[in-house]
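Undergrad: Pasting in a structure now, in structure tokens, and then I'll have a few things to ask.
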Amino acid sequence: MIYFILFYEFFKIGMFSFGGGLAMLPLMQNVVFKYSWLTEQQFLDIIAISQVTPGPIAINTATFVGHQVAGIPGAITATLSSALPSFLVILIVASLFDKIRTNSKKEFFFKAVKPVTLALITFAGIIIAKPTFLVNDYSQSIKALFIFLIVFLGIKYIKINPIIILLTSSFLGIFLF
């Protein structure tokens, strides 16, 4: 029964989230907490690991959640079911590409999806930021804010390579926390 629930829930997430992996995180969080599969800290840890491992964050997160819930078969079920909707949509779009490309109504779809995507990604940021910055340990909040500001400024103004940022942040996390 757990495999059916994993398949159903992650298929829904894959089918109804637009905007990539970060936009899927709020939907995943709802499912994970609905079934009490993980604690908030475990979910945040999985998100962090998913961001620094190769591959799409949504697929990585689904894999880790599935593994936590039902081992390797659960990881396979969650991974495949979250990727399957995208695969099916791409097949349909590819087969109808010439008709869709000239359809004037497609612009309305994109205009409606953009704010939804922005809201989901913003909510994903809040999911991650809240337990990172709003903790009881004041020194931990200051350290996290310091790392955030250095990374933000490094990417925005100095144009540091994101790979360097990820590696440096990982080491800072090890030594500062």
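Undergrad: Sum -39500 (n - 2.57) across every DSSP H segment of at least 4 residues in the chain, then divide by the residue count to get the 222 nm mean residue ellipticity, nearest 500.
TA: Computed ellipticity for the chain at 222 nm equals -28000 deg cm²/dmol.
Undergrad: Hey, another quick one. Please check: in the Gaussian network model of the chain (C-alpha springs, under 10 Å), which one of ILE155, ILE128, ILE59 has the largest mean-square fluctuation.
TA: ILE155
Undergrad: For ILE160, which sequence-distant residues (separation of 5 or more, or a different chain) have an amide H within less than 5 Å of its own amide H, given hydrogens modelled in the peptide plane?
TA: ILE155
Undergrad: Provide the three semi-axes, in whole Å and in decreasing order, of the ellipsoid equivalent to the chain as defined by the square roots of 5 times the Cα gyration tensor eigenvalues.
TA: They are 31, 23, 15 Å, listed largest first.
Undergrad: Rank these for me by crowding, TYR8, TYR3, TYR157, going from fewest to most other beta carbons within 10 Å.
TA: Least crowded to most crowded, the residues run TYR157, TYR8, TYR3.
Undergrad: Relative to 2.2 N^0.38 Å, what does the C-alpha radius of gyration of the range 1-73 come to as a ratio? Two decimals please.
TA: 0.99
Undergrad: Additional query: Of the options LEU88, GLN29, ALA75, report the single residue whose Cα projects farthest towards the positive end of the charge dipole of the range 15-126 (beta-carbon charges: Lys, Arg +1; Asp, Glu -1).
TA: In the range 15-126, that residue is LEU88.
Undergrad: On a 0 to 90° scale, report how tilted helix 106-133 is relative to the longest principal axis of the chain, with both axes built from alpha carbons and the result rounded to the nearest 10.
TA: The two axes meet at around 30 degrees.
Undergrad: Something else about it: Please list, in order along the range 36-48, the HN-Hα scalar couplings obtained from phi with the Karplus expression 6.51 cos²θ - 1.76 cosθ + 1.60 (θ = phi - 60°), rounded to whole Hz, x for Gly and Pro.
TA: Ordered by residue, 3J(HN,Hα) equals 6, 6, 9, 7, 4, 5, 4, 5, 5, 4, 5, 4, 4 Hz.
None of the figures in this text is laboratory data; all of them are computed from the coordinates on show. Only a predicted model underlies this, so the values are computations on that prediction, with no experimental measurement involved. FYI the Cβ positions are ideal-geometry reconstructions off the backbone, even for glycines, and counts take in every protein chain you see.
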